[in-house]
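Colleague: First the structure, which I've put down as structure tokens, then a few questions once you've had a look.
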Amino acid sequence: MKAVARVRLACALAALWAFAPAPPANADDAVPDRIGINRVNLAWLSRADQERVLREIAASGITHVRLSLSRPVDKSIEALEMADRLGLKILLEIQLGNKDYYPPETRPRTGFGRIWDVQRLSDLDLDLYRAQLRSALRRIDGMGIRIDAVEPGNEINYSAYNGDLVVYEKPGRQTPRSVSEVADRPAFERGLDAYVDAVRITREELRATVHSRGALLISAGLSDVGTGEADRRGMERLDPDEFLSLLRERGIDALVDGYGIHLYPGRKGDVALARYVTALLDFCQPEGHGKPCWVTEWGIANTALSCPVDDREREGAIRATRRSFAALMEEGRLDAAFYYDWDAQPVYSVWRCGALSPAGVAATEANTGEGSAR
């Protein structure tokens, strides 16, 4: 009986450990605001190009980078090792479209050639997900790499990345304004259940590592695509606040340290930009009153691709956005902002003409004591 009791006690302690809040990793983690840059899909580049990109980022004074765990996983891990060696703190986005997380017989939902085909979250095999994630995290841990934060999934409130939301064969009719109008609501809700289970698994597997057991867990960055664009493209989506309320009903708050959100405001005047940021991030709250947000992608386009770069107009818009971010960070409602993109998306990129552009400096420099980028 004593042996049985010890086993039960061990199981109870393991469960408590798995769901305990992330322990602080080191002193500089007490600083809440993380200002960084996106460079996802480095696995698609050669090792030499991976090294070049990450060295450019580090040499530019950037301290935080959002990278992805995607296929081929070996090359994703190579990029993580390089980033860690260069002293970059890593926000790791786990791409849930990885077909290794799904039974081999499943087929992705079609995008009718207008957008990529994508897996349905309701088809996610949680045992496969755990096994594949555990394998990757053990390899990462064995290399001594420390992950700062992990973000399972990307824009799962939008049909571009969630196959349980449909793409219409032909655009032209109104897309959903609420979950009650989603075409296949039962499948969509099964996908939400699977997502929350995947987040729980991610938390458990992170806590089983040595170097990343204190990593923060951030829910999937949600798209800010509006109803007008969704209607034009014929693609289902839900507002971030409604989508998060559905996740909260399923217990996401017990698992995550923050909510991921994406923000692409376009070219607006300073007042309109501030209004857009404030409205979009209205659900973000300080710890203890809710959950703070992480802007894991944000960007403002500059379509002029000639050299030397003229970034004056975009720089102004970026500085205005940063002022809004800084105010939210001061209130404890926003913990991070990662600009999209370093060099892979031409109109959004900030690595221009062989250097970090003025807008890139404004997007990625640390907050000043005045609450805005100088």
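Colleague: Counting heavy atoms of the protein chains only and a 1.4 Å probe, report the per residue accessible area for the range 57-197 as a whole number of Å².
Modeller: Values: 5820 Å² over 141 residues.
Dividing the accessible area of the range 57-197 by its residue count gives 41 Å².
Colleague: Gaussian network model of the chain, Cα springs within a sub-10 Å range: biggest mean-square fluctuation belongs to which of Gly144, Gly266, Gly288?
Modeller: Gly288
Colleague: Sticking with this one: Once every DSSP H run of n ≥ 4 in the chain is given -39500 (n - 2.57) and the sum is divided by its residues, what mean residue ellipticity at 222 nm do you get, rounded to the nearest 500 deg cm²/dmol?
Modeller: For the chain, the value works out to -12000 deg cm²/dmol.
Colleague: Using 0.36 nm per residue, how much length does the chain from Glu249 to Ala208 gain when fully extended, once their Cα-Cα distance is taken away?
Modeller: Extra length from Glu249 to Ala208 when fully extended: 12.1 nm.
Colleague: Based on the mean of other beta carbon atoms within 10 Å per residue, what is the order of 193-200, 108-115, most packed first?
Modeller: Numbers: 193-200: 20.2, 108-115: 14.8.
So the peptides 193-200, 108-115, ranked by packing, come out 193-200, 108-115.
Colleague: Okay, next question. List the aspartates and glutamates whose Cα lies under 12 Å from the Cα of Lys89, skipping any in the same chain that are fewer than 8 positions away.
Modeller: Straight-distance partners of Lys89: Asp28, Asp29, Glu81, Asp148.
Colleague: For a Förster distance of 30 Å, can you work out the FRET efficiency between the beta-carbons of Arg85 and Asp231, rounded to the nearest 0.05?
Modeller: E(calc), rounded to 0.05, equals 0.05.
Colleague: Between Lys99 and Ala272, what is the label-point separation in nm under the 7 Å Cα-to-beta-carbon projection?
Modeller: Those two pseudo-labels are separated by 4.3 nm.
Colleague: Turning to a different aspect of this structure: What is the chain's relative contact order, in percent, from Cα pairs under 8 angstrom and six or more apart in sequence?
Modeller: Working: 704 pairs, mean separation 63.4, N = 374.
Relative contact order of the chain: 17 percent.
Colleague: Take every Cα pair under 8 Å in the range 129-219 that's 6+ residues apart, average their separations, divide by the length, and report that relative contact order as a whole percent.
Modeller: This gives 50 percent for the range 129-219.
The values are calculated or read from the model by the stated rules, or taken from the named source; none is laboratory data. Just so we're clear, the structure is a prediction, and the values are computed from it rather than from any experiment. Because the Cβ atoms are built from the backbone with ideal geometry, glycine has one as well, and the counts that use them run over all protein chains shown. These area figures cover heavy atoms from the full protein model, side chains too; ligands, DNA and RNA do not enter into them. Shrake-Rupley method; radii C 1.70, N 1.55, O 1.52, S 1.80 Å.
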